[in-house]
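Data first, discussion second: the structure below is written as structure tokens.
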Amino acid sequence: NPVAYISVTFPALINETMSVLYWGVEQLGFDVYLNSQNTYYSLFIPNNTSLLDYVDPCSYGKTSTQLFRFHYKPTAQTESEKVWASIWNYDTATGEVGDSIGEASYSQITNRLEDILNTHIVIGNVEDGNTFYRTKGGSMVKVQDATAGVGGMKVQGGYQLEQGRSVPVVSIYDESLEGNGKTYIIEDEPIMTARKSVFDILGEHEEFSAFHDLLQSSQFLETKHVIGSDEHGAPSENISLFNTYRYTVFVPTNQAIEDLQKEGKLPTWEQVDAEEDEDVKDSLRLEIENFIKYHIQDEAFYMGQGTDSGEYETSAYKVTDGNLSYYKLKTQVSNDGITIQDGVGNTRQVVTSAGLYNIMAREYQYDSRDATSANNLYTSSFAVIHQIDGVLQYK
């Protein structure tokens, strides 16, 4: 069979109710990628109706959050004009749609559809018994009740988890026998990634306050990321250590951090401010910042994504004879827990009793230095936050 007819995109190719997404597939060249017969895909397709309710992540830094409503116009004179999008003011707290403020450009439409496609493609089978699955773009999607099938299966992105709602699967197409996976049609709204940054989330929970305060006074927060001579604005404080990748942030309990400070093994920012000797001040500052960096690990690990184990680099490093090497953590992940072993042999566990684990975050960078006037997404990083039962130390 022609690969287009045994690909996970086939339902959208032949069904006019999914024409918006398929237009994006062709415009952005995703058809070549998704037609590969050497990979198993789980493709979630938001139908045209659900794409009338896409909360624009580029509006998070503006005075009013905005909603994109994508429309398909088959009679358009050119292929590039067949999809257009109206933009509306939107209240995320009440779900109330406000005034229309215009139409999106072709660049804005394809920029958002690329992000949507990256969020709706999973490489692998989302019915293998796990709960969390990584998307092509690096975010995670939560899949519940997969065995219930149509009408029972539900999916959530970070935004849905923040809002406390899920997206239903209304149809399933199985191309796995002759083709390259399964297609899941969703309605109500597309899967959307987290709105909040790591620093936003830390500030919302008193249980994270000690680590939040350490981070707040560090040099690791930025609202503009500089690349060469370009500045890319962000809607909230981002962690400058992130670099278009996936991260796990392990947050010790307040008590664990306070105990370390009382023992004299971790300075406080008050001690740094009070120190008059600049060399000593710099040394104290470095201790705190290395402590923060050692709790940020490359790769995002979720309880519920299956089993994994290995040594992974943190953001903390040392320089020996001019050579830079990163301190590592040994991490073991299962669907029931996460265990971390630090550089001095301490073993820590993710705390599950308070529900402060598997918290999704996304840190956005826009195409403009001013987040209030951003038109497109430039790049982003994804992170998951877990509370752990003790501090991590590399020496």
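The values are calculated or read from the model by the stated rules, or taken from the named source; none is laboratory data. Since this is a predicted model, take the numbers as computed values, not measurements. Positions of Cβ are backbone-derived with ideal geometry, glycine not excepted, and every protein chain shown enters the neighbour counts. Keep in mind that these areas ignore ligands, DNA and RNA; they rest on the heavy atoms of the full protein, side chains included. Shrake-Rupley method; radii C 1.70, N 1.55, O 1.52, S 1.80 Å.
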- Residues of the range 70-88 being open to solvent by 40 Å² or more (accessible area, probe 1.4 Å) and under 17 Å from Asn376 (Cα atoms), which ones? Trp84, Trp88
- Restricting to strands (runs of 3 or more DSSP E) lying wholly in the range 297-395: which have 2 or more residues that are among the basic types (Lys, Arg)? 323-333
- Task: Return only the number of the condition from (1) out of contact with any Pro (no Cβ under 6 Å at 6 or more places or on another chain); (2) in contact (Cβ under 8 Å) with a residue 24 or more places away in the chain; (3) polar (S, T, N, Q) that Thr183 does not satisfy.
- Result: (1)
- Looking at Thr131, Thr49, which is the one that is over 22 Å from the mean Cα position of the chain (by Cα), open to solvent by 20 Å² or more (accessible area, probe 1.4 Å) and closer than 18 Å to Val167 by Cα? Thr49
- Candidates Asn358, Asn375 - the one that is under 24 Å from Pro57 (Cβ atoms), crowded, with 21+ Cβ neighbours inside 10 Å, at pLDDT 95 or above and out of contact with any strand residue (DSSP E or B) (no Cβ under 6 Å at 6 or more places or on another chain): Asn358
- Query: Any idea which of (1) modelled with pLDDT of 95 or more; (2) surrounded by 15 or more Cβ atoms within 10 Å (Cβ to Cβ); (3) closer than 24 Å to Phe382 by Cα is the one Val272 doesn't satisfy?
  - Reply: (3)
- Message: When the residues of the range 53-69 are narrowed to those that are in contact (Cβ under 8 Å) with a residue 40 or more places away in the chain and of a type in the set (Val, Ile, Thr), which ends up surrounded by the fewest Cβ atoms within 10 Å (Cβ to Cβ)?
- Response: Thr63
- Item | Residue list for the range 214-265, filter: hydroxyl-bearing (Ser, Thr, Tyr) and closer than 27 Å to Met140 by Cα | Thr223, Ser236, Ser240, Thr244, Tyr245, Tyr247, Thr248, Thr253
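Based on this model, can you work out whether Tyr394 counts as touching a helix residue (DSSP H, G or I) at 6+ places or on another chain (Cβ under 7 Å), open to solvent by 20 Å² or more (accessible area, probe 1.4 Å) and over 30 Å from Asp56 (Cα atoms)?
yes
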- Query: Does Leu324 count as open to solvent by 20 Å² or more (accessible area, probe 1.4 Å) and in contact with a Phe, Trp or Tyr (Cβ under 7 Å, 6 or more places away or on another chain)?
  - Reply: yes
- Going by the conditions given, is Glu222 among the charged types (D, E, K, R), touching a helix residue (DSSP H, G or I) at 6+ places or on another chain (Cβ under 9 Å) and either crowded, with 21+ Cβ neighbours inside 10 Å or not in a loop (DSSP other than H, G, I, E, B) (or both)? no
- Item | Counted residues, the range 361-372 - those being surrounded by fewer than 22 Cβ atoms within 10 Å (Cβ to Cβ) and out of contact with any Gly (no Cβ under 7 Å at 6 or more places or on another chain) | 1
- Conditions: (1) touching a helix residue (DSSP H, G or I) at 6+ places or on another chain (Cβ under 6 Å); (2) touching a residue at least 40 places away in the same chain (Cβ under 8 Å); (3) of a type in the set (A, V, I, L, M, F, W, C). Val167 meets all but one. Number of the miss? (1)
- Query: Considering the range 225-254 alone, what residues qualify as being open to solvent by 10 Å² or more (accessible area, probe 1.4 Å) and more than 20 Å from Ser380 (Cα to Cα)?
  - Reply: Thr253, Asn254
- Item | Among the candidates Tyr184, Tyr173, residue that is open to solvent by less than 20 Å² (accessible area, probe 1.4 Å), at pLDDT 95 or above and touching a strand residue (DSSP E or B) at 6+ places or on another chain (Cβ under 8 Å) | Tyr184
- Does Ser209 satisfy the condition of being over 13 Å from the mean Cα position of the chain (by Cα), closer than 30 Å to Leu52 by Cα, modelled with pLDDT of 95 or more and surrounded by fewer than 22 Cβ atoms within 10 Å (Cβ to Cβ)? no
- Within the range 140-168, tally of residues that are crowded, with 17+ Cβ neighbours inside 10 Å and in a loop (DSSP other than H, G, I, E, B): 3
